[in-house]
1. Could you give the length gained on full extension between His120 and Ala200, defined as 0.36 nm per residue of separation minus the Cα-Cα distance, in nm?
2. Fully extended, how many nm does the chain gain between Leu303 and Leu261 (0.36 nm per residue separation, minus their Cα-Cα distance)?
3. Run the simple label-point estimate for Ser222 and Ala44 please: 7 Å along Cα→C-beta, distance reported in nm.
4. Using a Förster distance of 22 angstrom, determine the FRET efficiency expected from the C-beta separation of Arg207 and Val101, and round it to 0.05.
5. With a 10 Å radius around each residue's Cβ, average the other Cβ atoms per peptide and rank 293-304, 181-192, highest first.
6. Just subtract the alpha-carbon distance of Val311 and Val293 from 0.36 nm times their residue separation and send over the number in nm, one decimal.
7. What does the highest-first list of 156-162, 285-291 look like by mean Cβ count within 10 Å?
8. For the range 115-159, with only Lys/Arg (+1) and Asp/Glu (-1) charged at the beta-carbon, what is the dipole magnitude about the Cα centre, in debye rounded to 20?
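Taken together, the values in this text are just the output of simple stated rules run on the coordinates, not laboratory data. Computed from a predicted model, the values in this text were never measured in an experiment. Note that each Cβ is placed from the backbone with ideal geometry, even for glycine, and that neighbours are counted across all protein chains shown.
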Amino acid sequence: MLAVGLSTSAVYLQNTQQAVATAAAAGQVHTDVVATSPTGFTAAASAEVTQALRAVPGVVAASPVVASAGYVETPRPTGVAAQWTPGPARHAVRLQGLDAVTGAGILGPRVRSGDLSALHGDTVALSLSAVRSSGYRIGDRVPLRLGDGSPVVLRLVAVVADVPGADGPSAYLPVDLAAAHSTTGVQAIALSTDPTAATAAAAGIARAVARLADDHPGLTVSAGATGPQTPGTTVNTWAGYLLAVLVTGYALVALVNSAVLTGLSRRRELLSTRLLGARRGALALLVILQSTVLVVAGLLLGLLVAAATLVPFALSTTSRVLPAGSPAVFLLVLAVVAVLSTGAGLLPALGVLRRRPAAVAARLG
């Protein structure tokens, strides 16, 4: 039960969190093709690559993309509340840098108010939840802390819908401003193509990348509606998987230890039964049936424990009953736990049954 419950919960919780983060990134930037480079893009390189790819027939929008994290600040309260709030309140936001001119149509969420084409210079667009928590309106000056901690004051020009599944409000900045205050710079170039000319656009993009390869080694394009994730997401993902492996390993070691001790503790019982005339085959069958019943019961209870954790989490994050992830992982966990628990419980008992009962009884005293 412990091995199945802990292992399944740890793995599928991490899978679901990763799926939610990927969906949130895809919801912020709607793309058909993403151009990436192993070392990222400098400002000059991103401008050159964006211009070349935007000129390809069939490409309707192209924009450098910067993903980061920061804060929207609200003024310090006055009156009695001021003594409890020593400074401006901070609201964490996901920062996304886009080019509103060449990247029109790249932004995933729809505009609720304002004009997104005005997103240039010292301006910002906020998601609806960010506006509600901070109280700012179109035209207000909004103080923010950007990815590198720099304070800026930007004019609010648009309010966009929230991204389903995002882990918080979002803020959209001009790409040059976001890149200048990000530790990663421009991470990718997002492209949106005309569905009626997708084949021609793909061929044109491939030729453009081939021409740019000499000046930009490692430049690659991939299909898919995904955008770059906030820095640290990949590290957190691998840390989560490492934790899942550690939890699973601990549960399996505890399982084997418990099964072996249980099997060894039955030596006297099995020997006494053999000395009373019970057949070796009958006792072996009894041990196998008992181990099978215990393993099935443990697997079912472990499944209930995992479901009690995973189902509420999946409903709250993805609105689905089942968590994200391949069923093969669950089947593998069940198989490993069943084999280890059955083997660890059977081998000591069967080892005792293979020996002459009188000799073993004399040794045990």
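1. 25.7 nm
2. This chain segment gains 12.7 nm when fully extended.
3. 2.9 nm
4. According to the calculation, E is roughly 0.35.
5. Numbers: 293-304: 15.1, 181-192: 22.0.
Descending mean neighbour count gives 181-192, 293-304.
6. Difference between extended and current length: 3.8 nm.
7. Highest to lowest by the protection proxy: 156-162, 285-291.
8. Details: 5 positive and 4 negative charges, 34 e Å.
In total the dipole reaches around 160 debye.
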